[in-house]
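Colleague: Quick one: this structure, given as structure tokens, is what I'll be asking you about.
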Amino acid sequence: MNKIVLWCLIGFGIALVVGLALGGFAGANGADLGVAPWILGGLLGAFVAYIGGNLAGNRKVATASTEARDKALAFDALPGHALLIVYREGFVGMAAGMNVMLDGQMAAQLKSPRFTALNLAEGDHTVSFGFGGLAGAQNNAAEVRVPAVAGQVIALKAAMAMGALKNTITVEWVEAYPSELRERLKDMKMVAADQAGG
């Protein structure tokens with residue numbers, strides 16, 4: 001079953017249970033609350049369905065091993081490759097997993113604050129950012145072209161910018177000075193990439 005539909009059903013169930021429970025409790029005590037229990041139940045159910053729908057695109061991700069994390073923070077790329085560090089910061093939508101795609105293939109999913117590391121073969125690559133679930137419809141995706149040179153360290157920071165009708169994923173190129181970048185990443189969890197890059 002589609003996760004968004006599932007969360008809508010859960011929200012409806014919560015609305016029904018809360019409405020019946022509050023109405024029954026009030027009736028047992030001789031009070032007539034009118035439609036108030038149903039309004040409260042409906043609001044609570046809608047809120048749960050909305051939050052659940054926004055998180056419906058989340059998937060289980062693996063935390064990188066200590067060895068992989070140490071290698072990434074040493075900015076140690078595979079021979080003949082560039083190292084791409086992608087990290088996410090910010091409070092807005094932090095619990096929703098942001099999909100990071102490399103050349104059309106899923107590379108990682110990042111909540112905030114998290115980072116991942118990808119080894120890129122020399123040449124041009126496309127890195128895309130977006131959400132699944134209900135969050136996908138509420139956020140403009142982003143895409144950047146990354147020219148990779150062997151031995152280079154590239155850092156991209158993904159965040160969310162609030163909009164009137166839609167939020168926008170922003171991607172910022174960060175100067176990859178080793179000490180500064182390491183300091184920024186050292187307290188973040190590292191997500192194991194779905195692929196090492198290519």
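The values are calculated or read from the model by the stated rules, or taken from the named source; none is laboratory data. Bear in mind that the values here come from a model prediction, so they are computed numbers and not experimental data. Every residue, glycine among them, receives a Cβ derived from its backbone with ideal geometry; neighbour counts consider all protein chains shown.
Colleague: Could you please give the count of residues in the stretch 176-187 that are touching a residue at least 24 places away in the same chain (Cβ under 8 Å), loosely packed, with under 13 Cβ neighbours inside 10 Å and assigned to a helix (DSSP H, G or I)?
Modeller: 1
Colleague: Same structure again: Could you check, for the stretch 78-95, whether at least one of its residues is hydroxyl-bearing (Ser, Thr, Tyr), in contact with a Lys or Arg (Cβ under 9 Å, 6 or more places away or on another chain), assigned to a strand (DSSP E or B) and touching a residue at least 24 places away in the same chain (Cβ under 8 Å)?
Modeller: yes
Colleague: Taking the criterion of being free of Cβ contacts under 8 Å to residues at least 12 places away in the same chain and in a loop (DSSP other than H, G, I, E, B), would at least one residue in the stretch 135-151 satisfy it? If you could, list the steps in order and put the result at the bottom.
Modeller: The initial filter retains those residues of the stretch 135-151 that are free of Cβ contacts under 8 Å to residues at least 12 places away in the same chain, namely 137.
Add one more test, that the residue is in a loop (DSSP other than H, G, I, E, B), and what stays is none.
Within the stretch 135-151 (the criterion being free of Cβ contacts under 8 Å to residues at least 12 places away in the same chain and in a loop (DSSP other than H, G, I, E, B)), the answer is no, since none of the residues qualifies.
Colleague: Would you check which residues across the stretch 63-72 are surrounded by fewer than 18 Cβ atoms within 10 Å (Cβ to Cβ), assigned to a helix (DSSP H, G or I) and of a type outside the set (Asp, Glu) and list them?
Modeller: 66, 68, 71
Colleague: Sticking with this structure for a sec: Return the pairs, sorted by first residue and then second, in which the second residue is part of a strand (DSSP E or B), the first residue lies in the stretch 158-175 and is of a type in the set (Lys, Arg), the beta carbons are less than 9 Å apart, and the residues are 6+ apart or on different chains.
Modeller: Short answer, once both residue conditions are applied: 166/139; 166/140.
Here is a yes/no grid of residues against (1) more than 25 Å from residue 134 (Cβ to Cβ); (2) in contact with an Asp or Glu (Cβ under 6 Å, 6 or more places away or on another chain); (3) assigned to a helix (DSSP H, G or I):
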| residue | (1), (2), (3) |
| --- | --- |
| 18 | no, no, yes |
| 24 | yes, no, yes |
| 27 | yes, no, yes |
| 38 | no, no, yes |
| 46 | no, no, yes |
| 49 | no, no, yes |
| 58 | no, no, no |
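Colleague: I've got another one for you. How many of the residues making up the stretch 1-16 are closer than 13 Å to residue 134 by Cβ and touching a helix residue (DSSP H, G or I) at 6+ places or on another chain (Cβ under 7 Å)?
Modeller: Total satisfying the criteria: 5.
Colleague: Taking residue 53, is it of a type outside the set (Val, Ile, Thr), within 23 Å of the chain's Cα centre (by Cα), outside any helix (DSSP H, G or I) and at pLDDT below 80?
Modeller: no
Colleague: Among (1) buried (at least 17 other Cβ atoms within 10 Å of the Cβ); (2) modelled with pLDDT under 95; (3) in a strand (DSSP E or B), which single condition is residue 112 missing?
Modeller: (3)
Colleague: Consider residue 60 carefully, then state whether it is free of Cβ contacts under 8 Å to residues at least 40 places away in the same chain, surrounded by fewer than 18 Cβ atoms within 10 Å (Cβ to Cβ) and within 19 Å of residue 109 (Cα to Cα).
Modeller: yes
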